[in-house]
Amino acid sequence: MSSSSASLERTLTRTWMRRGPLAWLLFPLSLVTALVINIRQAMYRSGYKKATHLPVPVIVVGNIFVGGTGKTPLTIWLVESLRTAGFTPGVVSRGYGRRMDIPVEVLATSLSMDVGDEPLLIAKRTQCPVWVGRRRVEAARALLAAHPEVDVIVSDDGLQHYALARHIEIVLSDQRGNGNGWLLPAGPLREFASRGRDFNVVNVGASKAIAIPLPMTLASTPTFAMQLDSGMAEQLKDRNNRKPLSAFASTTRVAALAGIGSPGRFFATLHAAGLSVDEYPLPDHYDFADNPFEALAADIFLITEKDAVKCEAISAIKDDPRIWVVPVSARIDSLFTQQIVEKLREFQIA
């Protein structure tokens, strides 16, 4: 199950949470990262490189902490919130691991190997236009050409993709904050923690805490907590067959597998629902080409929606009645939607 890769990811994550010996050893390389960041930003500020402005506003959902912080649930929430507010949103993404380089539309029938697992999940959940491409500008132009009714673009990730001009930047973090506060590879940050943004969103997972206990947030930037709600599970072979998570509390052997950026968050959600599970963290974007369920002894397997879009396309896995999917939905204060809409109106006035 690529346990060595998962172990390496966990080792790096632990290293990045403190300024220990390994982090100090890597610190000189982080100075190189800082130099590259400063040069890139200077090239765009000076006009040597130009960002492309689209005829519709662009909202970028991204993070500066490398790996998963919950961008997909936030993107889904944002699309649904914009639609409720009267907009017609579309989504662009790079599509991690996809084999083609040209922009393509993500359909419900697409394969994750062609479009990426996260864009496929977004398309299935929101049923809005979703296009993927290594160059997000090209993907956005293709989306608008195919769907002229779209009046706002949401970029799933792409915070560091400066070639696409944006009207709103949303920086997502979780309870890890900024880790040790250093840039890659000595720390977990892709950019300086002090970079500007329009909004902070902190993924508190299944936590019921209202306060945001993070020193990383910029005092002058509106900050909102995002909770992930999940009380039901759906059988992989028949997604209409649904049960409360609590129904598995009495099951003798329950295993949880997660090929996401932060598997621990998924496991914590299950524990919060009162379940005792055997935890099997997998590398982010795990493709399930090697069937991990065959080697495990369990009565029930619980997986994430992101993993489900890949498992549904594998004949040796999709009909296994023991596999259940645990969908999550983001919940954020409605004031966040109001402030986003106000900024979009500024674009329309301009």
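Quick notes on this one:
- Using distinct alpha-carbon pairs, which all enter the 1/r mean, Kirkwood radius of region 268-350 in Å: 16.0 Å
- FRET efficiency, residue 250 to residue 313 (Cβ-Cβ, R0 41 Å, nearest 0.05): 0.80
- The longest stretch of the chain left intact once loop-based GluC sites (Glu not before Pro) with at most 10 other Cβ atoms within 10 Å are removed from consideration, loops following DSSP, is 1-148.
- Distance-filtered residues of region 299-324 - backbone nitrogen under 16 Å, label point 7 angstrom along residue 242 Cα→Cβ: 305, 324
- Percent carbon-and-sulfur accessible area, the chain, ignoring ligands, DNA and RNA, probe 1.4 Å: 54 percent
- Hull volume in cubic angstrom per residue (convex hull over the Cα atoms of region 198-350): 151 Å³
- Put simply, region 51-177 fits an ellipsoid with semi-axes of 19, 17, 15 Å; these come from the alpha carbon gyration tensor as the roots of five times its eigenvalues, largest first.
- Taking Cα centre as origin and charging only the Cβ of basic (Lys, Arg, +1) and acidic (Asp, Glu, -1) residues, the dipole magnitude of region 135-194 rounds to 220 debye.
- Modelled FRET efficiency - R0 41 Å, residue 145 with residue 290, Cβ distances, 0.05 increments: 0.55
- Counting Cα-Cα pairs of region 8-53 in 10 Å increments starting at 0 gives whole-percent bin shares of 23, 32, 22, 21, 1.
- Per-residue SASA entry for residue 93, accessible area with 1.4 Å probe, Å² rounded to 10: 10 Å²
- Selection of trypsin sites (Lys or Arg not before Pro), region 1-100, meeting DSSP coil and at most 13 other Cβ within 10 Å: 18, 49, 50, 99
- Surface accessible to a 1.4 Å probe, residue 17 within the full protein complex, Å²: 80 Å²
- Per residue accessible area of the chain, 1.4 Å probe, in Å²: 45 Å²
- Dmax and Rg, reported as Rg then Dmax, of the chain (C-alpha, Å): 20.2, 63
- Estimated distance in nm for a label pair at residue 100 and residue 19, the labels positioned 7 Å out from Cα along Cα-to-Cβ: 4.8 nm
- Length gained on full extension, residue 333 to residue 162, computed as 0.36 nm times the residue gap minus the Cα-Cα distance: 58.7 nm.
- Residue order for 102, 168 - accessible surface, 1.4 angstrom probe, largest first: 102, 168
- Summarising the label geometry, the points placed 7 Å from Cα in the beta-carbon direction at residue 39 and residue 271 lie 4.4 nm from one another.
- Over the chain, relative contact order from alpha-carbon pairs under 8 Å, at least 6 apart, %: 20 percent
- Links that overshoot a 19 Å alpha carbon limit, given the list 71/243; 237/306; 124/318: 71/243
- Rounded to the nearest 10 degrees, the angle from helix 117-126 to the longest Cα principal axis of the chain is 90 degrees.
The values are calculated or read from the model by the stated rules, or taken from the named source; none is laboratory data. Just so we're clear, the structure is a prediction, and the values are computed from it rather than from any experiment. Note that each Cβ is placed from the backbone with ideal geometry, even for glycine, and that neighbours are counted across all protein chains shown. Heads up: the accessible areas ignore ligands, DNA and RNA and are worked out on the full protein's heavy atoms, side chains in. Shrake-Rupley method; radii C 1.70, N 1.55, O 1.52, S 1.80 Å.
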